[in-house]
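The values are calculated or read from the model by the stated rules, or taken from the named source; none is laboratory data. Because the structure is predicted, anything quoted here is derived from the model rather than measured. Neighbour counts are summed over all protein chains in view; Cβ atoms, including those assigned to glycine, are modelled from backbone coordinates with ideal geometry.
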Amino acid sequence: MSQTIRMTIQYIDGTSQTFEWEPDPTQDESATRLSRLQKNLHEEYVLLETGDQFVIIPKQNIKTITVNVVPPQLPPSTIRGVRLVDA
């Protein structure tokens, strides 16, 4: 059973939005996630289809993006095993 994917976008104005979706069971999700992640790192916008809307978010408005599911493969420059420590 696949875990629901949840993505939270923190904007530079201090607001945030959370989006969630179910993994596509017809695709190899680990390969698909890595491929999408690598493509999105070089795109100017985050593009989301919400069923009834097409959402375009300019990356210059984004402070951070957090996703609750870590793909088994990540870009080689990823630092693994990190713990978030709040100041």
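Quick look at the numbers
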read-out	value
Flag if THR8 is modelled with pLDDT of 95 or more, surrounded by fewer than 13 Cβ atoms within 10 Å (Cβ to Cβ) and either under 26 Å from SER77 (Cα atoms) or out of contact with any Gly (no Cβ under 8 Å at 6 or more places or on another chain) (or both)	no
Residues being surrounded by 10 or more Cβ atoms within 10 Å (Cβ to Cβ), among the polar types (S, T, N, Q) and either at pLDDT 85 or above or in a loop (DSSP other than H, G, I, E, B) (or both) - total across the stretch 33-87	6
Yes/no for ASP24 being modelled with pLDDT of 95 or more and assigned to a loop (DSSP other than H, G, I, E, B)	no
The lone exception for GLU29 - which of (1) of a type outside the set (Val, Ile, Thr); (2) at pLDDT 90 or above; (3) surrounded by 14 or more Cβ atoms within 10 Å (Cβ to Cβ) it fails	(2)
